[in-house]
Amino acid sequence: MEIRGGYAGRYCVIDLSLSEVLTEPHDSATLVKFLGGYGLNAYLAHKYLPVGVDPLAPENVIIMGMGPFVGSGAPASAKSVVTSKWPLSNSVSSGNTGGAFGANVKWAGYDNVVIKGAAPEPVLIKIEDDSVEICPAAKYWGQDINQATEAILEDFGRDFSVVAMGPAGENLVKISVTLVDQMSTWGKGGLGAIMGSKKLKAVIARGTAGVRVADPEAFGKLSKQILAKVRDNPSVAKWRELGTMAGFDSWTNITGFPYKNHSEVYPVDKAYANWSPDKYLAFKAGRRCCPSCPVGCKDVLHHEGGISFASSLYGRVMNWGSRVDVADFTQVIDCQDYANRMGLDAHNFTSIADWLVDIFEKGIITTKDTGGYVPRLGYDGVKELMRMVTNREGVGAILAGGFLEAVAAFGPAAAEQAVQIKGLETLYDPRLTTMSTPDFSQITNLRGEAPQGATTSYNALKRPVDEFKAWCQKTGMDQETSERVFANPWEFNVGRLTRYGQEWSVLTNSLGLDCQRDRVDIFYDIKAFEALYVALTGVDLSIRELRQAAERSFNTLKLMSVREGFDRKNDTPPKRWFEPIKKPYNEQGTLKTYYGRPLNEADVAKYLDEYYEERGWDKAKGIPTRGKLAELGLEEYEYALASYEQQA
Amino acid sequence: MSKTLLFNSKNCMGCKSCELACSFKKDKVFNPARGRIGPSQLPHEANVVPIGCWQCEPAICLDSCPAGAIFRDEATGAVTVDEKRCIGCKTCVTVCPLGNARIVAGTSKMVKCDLCGGNPECVQACLPGGIVFDEPDEAMLVQRRTTMRELIGLEILKGGW
């Protein structure tokens with residue numbers, strides 16, 4: 001089969017131990033089988049990532065992937081995917097980002113970047129068209145992400161895109177990430193630490209070869225049709241103006257921010273007083289976005305006489321404002337700025353800090369456990385704790401290991417209070433957001449939490465069931481499946497629907513097209529994907545084949561964790577979800593379906609059964625069957641099931 | 001004054017859709033390096049500054065070309081290069097202070113913005129209004145004249161062409 005556009009058709013492999021760079025061709029059949037991005041990364045994990053590695057050992061591999069659409073002008077074609085074995089969860093899964101790095105790698109002419117081994121001294125990897133080099137980076141070691149990025153741009157050229165980690169990564173802090181171009185986070189689960197263990201300060205890219213298109217006329221026409229829809233939508237200007245703060249009213253009023261380690265909801269009037277969209281606008285210095293995005297949601301904020309970038313301000317407000325009780329907006333921005341520069345993951349940090357203070361205040365741990373330190377929330381306490389975590393000082397060293405290490409250190413009573421899945425904090429509390437697909441997907445996600453689970457539109461409450469049916473239709477769901485998902489026509493079966501929410505996310509992240517934010521996803525549907533794919537690549541894939549490729553990719557990535565022993569026991573909801581949460585006006589929030597039916601543990605377990613059943617997996621074990629692998633053309637991956645069986 | 005590209009750095013989000021639309025229109029490939037427009041660099045600052053050709057009057061690139069390959073399009077007022085006449089001497093590249101005359105890597109031909117015959121692709125691709133196609137107002141004209149005077153001592157945009 002001839003591929004005539006989109007894909008570069010090759011990838012580079014950098015061995016930091018041997019100081020070697022190889023360029024390998026991609027087989028066309030493999031490209032189409034896994035689509036690219038997320039899917040192709042899963043295939044490369046099977047090819048390059050050995051079973052049972054220590055995530056911080058040289059044998060761990062970082063796989064970066066950019067789908068065929070990345071670097072093209074199709075609206076919102078920017079998402080890149082990184083796949084590795086994560087220090088926080090010890091599972092193999094993926095993380096997404098925007099930013100210009102992926103586009104530059106595609107313009108340089110690569111579909112993937114595979115990094116293995118560890119360098120003896122600090123290095124950076126430079127990808128510049130046909131040249132891929134390992135360059136000395138000692139001068140940037142010790143610098144924060146902003147300093148290092150600016151220094152790298154000065155030395156190498158200001159049109160490079162830079163993925164860099166900060167002091168947290170250098171110190172192998174597991175709750176660390178990287179920033180793409182000082183703005184977009186990448187690699188929740190500990191990419192910073194993985195790069196630190198490889199002495200890899202940054203990966204930079206600049207490309208001038210471009211992305212080819214098989215049928216430019218058709219592609220141009222289709223892209224313009226999508227763009228016209230965006231242009232004609234009356235809400236886009238508002239979304240662009242407010243960024244993610246456009247969701248503030250809904251989140252604050254209807255859902256509520258989790259507070260005090262998921263025991264309460266942040267007082268609504270205080271939230272408005274502190275962080276309302278009006279107040280946000282006073283801090284707004286500009287708007288940025290991912291390459292080719294017509295909507296835009298990245299923030300540029302006034303900060304200490306200069307500016308600071310934030311990849312999703314509403315998320316920051318929730319993290320710093322509610323979880324760790326930083327009321328003042330200036331201080332919220334400063335906390336995020338600090339986390340950015342250190343390369344600390346804001347979600348990971350704020351959740352684990354919230355928990356630490358909770359168990360300390362409950363007397364579950366004392367100063368004996370914290371080395372004499374009295375942990376507290378609020379601006380001063382949290383900045384101090386961030387400094388301690390970054391530098392692995394005192395109790396900071398325990399938090400640096402994430403929930404799995406911290407609950408092991410502090411004991412079962414402390415573990416009871418930890419609201420986490422597979423070692424990562426939950427993003428959504430379904431007692432507030434209801435048990436919709438993003439919430440439920442947290443149980444089964446490979447890395448342990450959202451938002452890769454399903455489109456974010458289903459966090460907005462009180463949408464009629466017809467909207468869910470319409471979403472299913474636009475994503476190409478067939479009639480038979482729809483009848484199972486909507487067996488009770490007034491609601492959806494969240495266990496079954498989550499499979500399809502996850503696979504839509506897999507599809508977009510494999511193609512490198514569309515975005516999981518509702519405000520972009522509403523402009524795309526499976527028919528557009530089908531038409532754009534053939535216009536871009538010259539390869540005619542049917543809707544069924546596209547959907548199956550997404551299923552195949554999810555199963556492949558799942559197998560990379562299954563071979564390590566992950567199964568149903570790891571897909572466990574937190575106990576806290578089955579206790580009430582204190583809501584405003586003395587209301588008790590309890591676990592319910594999206595449309596309000598109460599849920600207990602048995603109900604959730606049944607939804608989990610239905611999720612596995614919908615996936616065609618073994619229900620008891622929660623893993624793919626040999627039959628499913630054969631159906632997906634993954635017979636070569638049966639070793640993963642054999643490896644799992646050996647460990648059982 | 002005829003319509004030209006006007007740039008608004010407060011609206012620009014740095015999405016590079018303009019560069020991608022331009023290279024796609026002209027060369028059927030998505031490649032900012034082949035765009036005739038662009039911010040190209042995305043600084044860690046409040047605003048991204050889109051840069052494109054001002055279609056100056058007089059145009060120093062046009063006046064400097066030894067091959068007479070640069071001319072003004074009568075319909076749009078765009079300063080346009082005739083690729084067949086271009087000898088790749090790069091005089092225009094040297095003299096344009098904004099870098100809007102570019103040599104495409106691997107060729108020896110200059111390319112520049114020609115306003116796409118009056119319906120610029122970059123403008124179609126720019127939703128937030130970082131680039132618009134309109135007649136410059138007096139403030140914009142003053143700003144451009146001042147800049148060009150300070151950069152290369154040239155008086156431009158004094159009147160219609």
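Derivation of every value follows stated rules applied to the coordinates shown; laboratory data play no part. The structure displayed is predicted, hence computed values, not measured ones. Note that we place each Cβ from the backbone using ideal geometry, even for glycine, and neighbour counts take in every protein chain shown.
Excluding same-chain neighbours fewer than eight residues apart, the lysines reachable from residue B:112 by a Cα-Cα span under 28 Å are A:106, A:221, A:224, B:3, B:10, B:16, B:25, B:26, B:28, B:84, B:90, B:158. Annotation for region A:383-418: trypsin sites (Lys or Arg not before Pro) lying in DSSP loop with at most 16 further Cβ atoms inside 10 Å of their Cβ are A:392.
Couplings for region A:536-546, taken from phi via the Karplus curve 6.51 cos²θ - 1.76 cosθ + 1.60 with θ = phi - 60°, read 6, 9, x, 9, 8, 9, 7, 4, 4, 5, 5 Hz in order; Gly and Pro are left as x.
Counting neighbouring Cβ atoms within 10 Å and putting the fewest first, the residues A:530, B:155, A:579 line up as B:155, A:579, A:530.
In vacuum, with every alpha carbon of region A:1-102 counted as one equal point scatterer, what does the Debye formula give for log10 I(q)/I(0) at q = 0.17 Å⁻¹? Two decimals, please. Computed log10 I(q)/I(0) values: -0.83.
Based on C-alpha pairs under 8 angstrom that are at least 6 apart in sequence, chain A has a relative contact order of 16 percent. Computed over region B:54-161, the P(r) tail beyond 18 angstrom holds 53 percent of alpha carbon pairs. Residue ranges B:62-75, A:603-616 sort as A:603-616, B:62-75 when ordered by packing (mean number of other C-beta atoms within 10 Å per residue, highest first). Counting 0.36 nm for each residue step from residue A:543 to residue A:465 and taking away their Cα separation leaves a gain of 25.7 nm. For peptide A:233-240, the mean count of partner chain Cβ atoms within 10 Å of a residue's Cβ comes to 1.
Between residue A:278 and residue A:392, the distance separating the two model label sites (each 7 Å from Cα on the Cα→Cβ line) works out to 4.9 nm. For residue A:628, the lysines whose Cα falls under 29 Å of its own Cα, not counting residues fewer than eight places away in the same chain, are A:33, A:47, A:79, A:85, A:422, A:469, A:474, A:527, A:558, A:569, A:606, A:619. For residue A:93, the residues whose modelled amide H falls within less than 5 Å of its own, excluding neighbours fewer than 5 places apart on the same chain, are A:84, A:86.
For chain A, what does the helix formula give at 222 nm: sum of -39500 (n - 2.57) over DSSP H segments with n ≥ 4, over the residue count, nearest 500 deg cm²/dmol? Intermediate values should be presented prior to the final figure.
On the way: 28 runs with 269 residues, N = 648.
The per-residue figure over chain A is -12000 deg cm²/dmol.
The convex hull built on the alpha-carbon positions of chain A has an orientation-averaged projected area of 25.9 nm². A cut-off under 15 angstrom between Cβ atoms defines the neighbours of residue A:150, and their net charge, with Lys, Arg +1 and Asp, Glu -1, is -3.
Counting Lys +1, Arg +1, Asp -1, Glu -1, what net charge surrounds residue B:103 among other residues with beta carbon under 10 Å of its beta carbon?
Net charge in that neighbourhood comes out at +3.
Could you order peptides A:56-68, B:4-16 by the average number of other Cβ atoms within 10 Å of their residues, highest first? The partial results should precede the final answer.
Numbers: A:56-68: 24.5, B:4-16: 22.1.
Top to bottom by mean Cβ count within 10 Å: A:56-68, B:4-16.
Normalised Debye scattering of region A:425-552 at q = 0.09, 0.20, 0.21 Å⁻¹ gives log10 I(q)/I(0) of -0.25, -1.19, -1.30, counting only Cα atoms as equal scatterers and leaving out solvent.
Within 10 Å of each Cβ of A:285-298, how many other protein chain Cβ atoms are there on average?
On the way: counts 3, 10, 9, 8, 6, 4, 8, 8, 5, 7, 4, 5, 1, 2.
Taking the mean over all residues of the peptide, I get 6.
Averaged over residues, the count of other Cβ atoms within 10 Å places the peptides A:78-89, B:89-100 in the sequence A:78-89, B:89-100, highest first. Remark: A:496, B:149 ranked as B:149, A:496, counting other beta-carbon atoms within 10 Å and listing the fewest first. Given region A:231-361 reduced to its alpha-carbon atoms as identical point scatterers, what log10 I(q)/I(0) does the Debye formula return at q = 0.10, 0.14 Å⁻¹? Log-scaled intensity ratios, in q order: -0.32, -0.62.
Each residue of region A:108-119 is assigned a 3J(HN,Hα), and the resulting list reads 7, x, 9, 8, 8, 10, 10, 10, 10, x, 8, 7 Hz, derived from the Karplus form 6.51 cos²θ - 1.76 cosθ + 1.60 (θ = phi - 60°), x at Gly and Pro.
Counting neighbouring Cβ atoms within 10 Å and putting the fewest first, the residues A:131, A:643 line up as A:131, A:643.
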